[in-house]
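Here, each number is a calculation from the coordinates, and none is a lab measurement. All figures in this text were calculated on a predicted structure; none of them were measured in a lab. Every residue, glycine among them, receives a Cβ derived from its backbone with ideal geometry; neighbour counts consider all protein chains shown.
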């Protein structure tokens with residue numbers, strides 16, 4: 001018999017097996033075809049109600065999940081903390097239990113606190129999909145990143161060298177990417193100022209590099225991360241200008257390389273800081289492909305998890 | 001493994017496919033405005049076999065051909081025991097105003113064909129849709145769906161299964177009636 005996902009919730013890449021990851025990626029191929037057809041909607045989840053609970057700002061991820069849910073014909077409710085009773089002091093558990101009382105069966109949650117998705121999965125009776133929990137994980141981003149790399153280069157992740165460049169310390173995208181890429185057998189390097197690279201990150205099997213030139217020369221794909229000023233309490237580097245000079249990805253740096261590399265960025269972009277417009281808008285950049293593939297990946301995740309109900 | 005009786009194989013199997021091809025040619029001529037679509041997962045082997053034969057008979061005409069996956073339109077997604085993993089799809093033809101011939105190996109309850117028709121409409125509005133099956137399990141329909149072209153009709157019990165084996169799938173061309 002066909003086998004599905006080994007998990008009931010999607011909390012992080014860490015909990016997924018290699019087979020789970022491959023299944024999500026291959027299912028997303030079909031969904032990408034589907035959303036490029038004249039009729040994009042399929043009826044698979046028509047009897048399912050999904051809540052998008054966003055306790056932290058988001059444009060791409062929320063819209064991407066919302067579109068994925070609509071294209072699978074699910075009923076959806078959207079919820080954001082700023083316009084709700086959370087601002088009156090209601091707890092997370094009470095808020096979510098109220099949603100479940102209204103017969104919501106699946107919850108897509110983004111929350112500023114690491115571990116909140118895991119906490120929810122242990123305490124409420126609904127399927128939980130983590131859409132980013134603080135600095136912990138952002139599993140669907142890592143899945144769509146891997147999908148986009150393979151889609152563009154037509155090579156398997158296991159044959160690739162990927163450099164993750166920027167604010168590694170505060171990035172849930174970096175952690176999920178490292179887990180996923182290492183599970184699939186890729187070589188991974190992290191690059192950034194020493195203050196923004198967590199201690200002992202080598203124990204995850206990644207190479208640490210502080211020279212952006214060397215990192216770019218080494219890799220096939222560079223995943224450039226945003227400087228997360230909202231999560232930085234201390235001054236990790238002297239100024240944004242200095243960061244851009246030392247670590248910003250620009251055309252001059254790319255022109256010096258011996259081979260062309262693929263450039264990715266999970267968005268939102270700080271143009272002129274971690275990446276320059278001449279790179280972000282160049283033919284080597286797959287930033288908008290990542291956004292397109294995000295819908296297909298999220299459709300695959302929702303579809304496969306719904307099959308586990 | 002359950003017991004099985006071979007109900008079609010060898011020369012008879014081949015003659016049946018030829019007969020189906022000529023029946024199609026009778027109605028669709030040179031396939032100017034017609035296309036064959038195999039339903040995933042098992043209907044594509046029959047569709048490929050028919051297309052090959054038709055291309056030989058009608059040479060140099062190439063019969064338009066597609067493979068359709070019906071997984072996302074099935075009505076048992078939440079009640080099915082295991083997960084429904086989608087198959088690949090090959091739909092590089094224009095469906096709008098075409099005469100479409102759906103091809104599947106076995107027709108049983110009719111539910112796959114219903115899902116297939118919904119999946120097909122995602123690509124446009126065909127002029128007509130016909131159904132060709134190699135094996136028709138008569139008296140088993142749960143929906144008002146009947147085939148236009150039939151390779152073989154069999155009266156079966158619900159506990160039995162019909163399996164069509166294909167050389168292209170590494171088996172020997174044959175139809176089995178399997179009893180638990």
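Some notes on this structure:
- Peptide ranges B:92-100, A:27-35 listed from the most packed, as the mean C-beta count within 10 angstrom indicates: A:27-35, B:92-100
- Remark: the Cα gyration tensor places the stretch A:51-140 in the rounded category, a/c being less than 1.5.
- Taking 0.36 nm per residue of sequence separation and removing the Cα-Cα distance, the residue B:159/residue B:22 pair yields an extension gain of 45.9 nm.
- Each principal axis of the Cα cloud of the stretch A:139-286 was taken in turn, and the coordinate range along them, longest first, works out to 39, 33, 25 Å.
- Helix-only arithmetic for chain A: the sum of -39500 (n - 2.57) across DSSP H runs with n ≥ 4, divided by the residue total, places the mean residue ellipticity at 222 nm at -11500 deg cm²/dmol.
- Pairwise label distance in nanometres, residue A:122 with residue B:62, each label 7 Å out on the Cα-Cβ vector: 5.9
- Whether chain B is rounded, prolate or oblate, judged on the alpha carbon gyration tensor where a/c under 1.5 counts as rounded: oblate
- In terms of surrounding Cβ atoms within a 10 Å radius of their Cβ, A:297, A:100, B:150 rank from fewest to most as A:100, B:150, A:297.
- Crossing angle, helix A:287-306 versus chain A [Cα axis fit, 0-90 degrees, rounded to tens]: 30
- Look at the stretch B:64-76: the mean tally of other chain Cβ atoms within 10 Å of its residues' Cβ atoms is 2.
- For the peptide A:23-34, the mean number of other protein chain Cβ atoms found within 10 angstrom of a residue's Cβ is 3.
- Förster radius 41 Å - calculated FRET efficiency between residue A:213 and residue A:59 (Cβ-Cβ, nearest 0.05): 0.80
- When you restrict to C-alpha pairs under 8 Å that are six or more residues apart and normalise by the size of chain A, the relative contact order lands at 21 percent.
- The Cα center of the stretch B:35-83 and the Cα center of the stretch A:203-269 differ in position by 47 Å.
- Sorted by Cβ density within 10 Å, fewest first, the residues B:152, A:144: B:152, A:144
- Sorted by Cβ density within 10 Å, fewest first, the residues A:88, B:161, B:30: A:88, B:30, B:161
- Estimated inter-spin distance, residue A:242 and residue B:52, nm [label 7 Å along Cα→Cβ]: 7.0
- The simple spin-label model puts a point 7 Å past each Cα toward its Cβ; for residue B:127 and residue B:90 those points are separated by 2.5 nm.
- If both residues of a DSSP beta bridge must be in the stretch B:103-180, then about 40% of such bridges are antiparallel.
- Within 10 Å of the Cβ of each residue in B:110-122, the mean number of Cβ atoms contributed by other protein chains is 1.
- In the elastic network of chain B, a GNM with C-alpha springs shorter than 10 Å, the most mobile of B:47, B:115, B:35 is B:115.
- Ordering of A:12-23, A:120-131 by packing is A:120-131, A:12-23, highest average first (other Cβ atoms within 10 Å, averaged per residue).
- Rounded, prolate or oblate (a/c below 1.5 giving rounded, otherwise prolate when a/b exceeds b/c) for the protein assembly as shown by Cα gyration tensor: prolate
- Most simply put, the protein assembly as shown has about 20% antiparallel DSSP beta bridges, counting only bridges with both residues inside it.
- For chain B, built as a Gaussian network whose Cα springs stay under 10 Å, the top-fluctuating residue of B:75, B:118, B:105: B:75
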